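First the structure, in the form of structure tokens, and then the observations on it.
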Amino acid sequence: MTVSEKRYPSEKGDISLIRIENETGAYVVLSSFGAGVVEVGVPDRNGKIENVALRYADPKDYLYDGPHMGKIPGRYANRIAEGRINVDGKEYQLDVNLPPHHLHGGKDGFSNRNWETELFENGVRFTYFSPDGEENYPGGMKVTATYRWSGDNRLSLDLHAETDAETVVNLTNHTYWNLEGADAGTALHHEMRMKAHGWLPTDNTQIPSGEIAPVAGTPMDFTEWKEVGRDIKEDFEALKIGKGYDHCWVIDEWEPGKMIEDAVELRDNKSGRLLTISSDQPGVQVYTGNWVKGSPDNCSGRGYEDYDGVAIEMQGFPDAPNQPQFPTQTLRPGESYDRSILFSFSVI
């Protein structure tokens, strides 16, 4: 295993890009900015190694990008209704950066911070301290994101947080995948399967109603292999609201601390690549890149088009701080927030 680091100047300080390559030549590139995934180079069925994570050509383009490309959003990933939370009996007004709601921790959330970097033999640990009152969240919070790359092409992500006052937290990874190759174009021909027989319906601003609805008989059903784009244009209100998939599914048989193996699978029959995701998170937000057009140029010298990648974000439920029936995302002093996501790459 080889680990190397390059630094690039930016207005947020030097951005570190860390490349970790195993003995087969498969590799990942990780960034201190947003503790993000920049590249994942894995072989197709013929052994050709190619990057399958959407990326920008210039490291500075990751600053304040709308798609949160590859990064870790926080302090709370996904939406919070009207940016309002009640913590320990006190109401807080968060940044309304996606009117009328709060999204991914606000304008200056974790994905737009340059994290401290610590390299080790097969990985990197990124650390960030979020002070009390940042984006108006209560409590000072220390967060670590530890990535490891294995000899058999598995990328693990362990998320950890501690706080000095009661607060809320929801962390995930926001990489967009295209298993044919990062710059190959649409990913709607990929096939996906999920261990999720329920999903969270929303209002027309994409805030969950609070109910868990069955996927059976709807375009939300991915319990068996199905092309991502097969039903995306169906006459179904949820798909009209988001211009595609941008919804949270409920992972079957989840319970706190339980790792659900093969929770989500994504495959590309053209290249033969298969991505299998396991996690101990209760939900998964699948976003088909419905609004990535206009993003910074990629390594082919062009911007991405809508639907060029699929983000599979293992996470807690959106708006959980305002929905007591959802799994709690509250963190208190003396407690530890620990969540894991495992991305495994193989061929079919």
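Readers should treat all values here as calculations from the given coordinates under stated rules, not as data from a laboratory. In this text the structure is predicted, and so the values were computed from the model without any measurement. So basically every Cβ, Gly included, is an ideal-geometry build from the backbone, and we count neighbours across all protein chains shown.
FRET efficiency for the Asp297 to Asp88 pair, using the beta carbon distance and R₀ = 35 Å, is estimated at 0.20. The distance between label points at Glu224 and Arg7 comes to 5.5 nm (points 7 Å beyond Cα on the Cα→Cβ vector). Shape of region 1-48 from the C-alpha gyration tensor: prolate (a/c of 1.5 or more and a/b above b/c, with a ≥ b ≥ c the square roots of its eigenvalues).
Computed extension gain for Asp164 through Glu237, at 0.36 nm per residue and net of the alpha carbon distance, reaches 22.1 nm. Could you pull out every one of the lysines with an alpha carbon less than 19 Å from that of Lys48, ignoring same-chain neighbours closer than 8 positions? List returned: Lys270. Between region 41-78 and region 204-266, what's the alpha-carbon centroid distance in Å? For region 41-78 versus region 204-266, the Cα centre distance is 22 Å.
For region 237-301, the Kirkwood radius over C-alpha pairs fed into Stokes-Einstein at 25 °C and 0.890 mPa s yields D = 170 µm² per second.
Multiplying each eigenvalue of the alpha-carbon gyration tensor of region 155-275 by 5 and taking the square root yields semi-axes of 25, 21, 15 Å, largest first, rounded to whole angstroms. Compactness of the chain is given as radius of gyration and Dmax, 18.8, 58 Å, from Cα positions. Summing charges over neighbours of Gln329, with a neighbour being any other residue whose Cβ is under 15 Å away from its Cβ, gives -3 when K and R count +1 and D and E count -1.
Per residue, the chain reaches -500 deg cm²/dmol at 222 nm when only DSSP H runs of four or more residues are counted, each adding -39500 (n - 2.57). Looking at this model, which pairs from Lys243/Lys293; Lys233/Lys293; Lys195/Lys258; Lys142/Lys195 are more than 20 angstrom apart at the alpha-carbon? As for pairs spanning more than 20 Å Cα to Cα, those are Lys142/Lys195.
Quick note on region 1-151: its Rg to Rh ratio, both from C-alpha atoms and Rh being the Kirkwood radius, is 1.04. Legend: Rg and Dmax of region 208-318, from Cα coordinates, 15.1, 44 Å.
Can you classify region 267-348 as rounded, prolate or oblate using the Cα gyration tensor, where a ≥ b ≥ c are the square roots of its eigenvalues, rounded means a/c under 1.5, and otherwise it's prolate if a/b beats b/c and oblate if not? In terms of gyration-tensor shape, prolate. Each peptide in 124-131, 49-56, 330-337 was scored by the mean count of other Cβ atoms within 10 Å over its residues; highest first, the order is 49-56, 124-131, 330-337. Protection proxy ranking for 255-261, 66-72, 192-198, using the average of other Cβ atoms within 10 Å per residue and placing the highest first: 66-72, 192-198, 255-261.
Computed over the Cα atoms of region 137-213, pair by distinct pair, the Kirkwood hydrodynamic radius stands at 16.9 angstrom.
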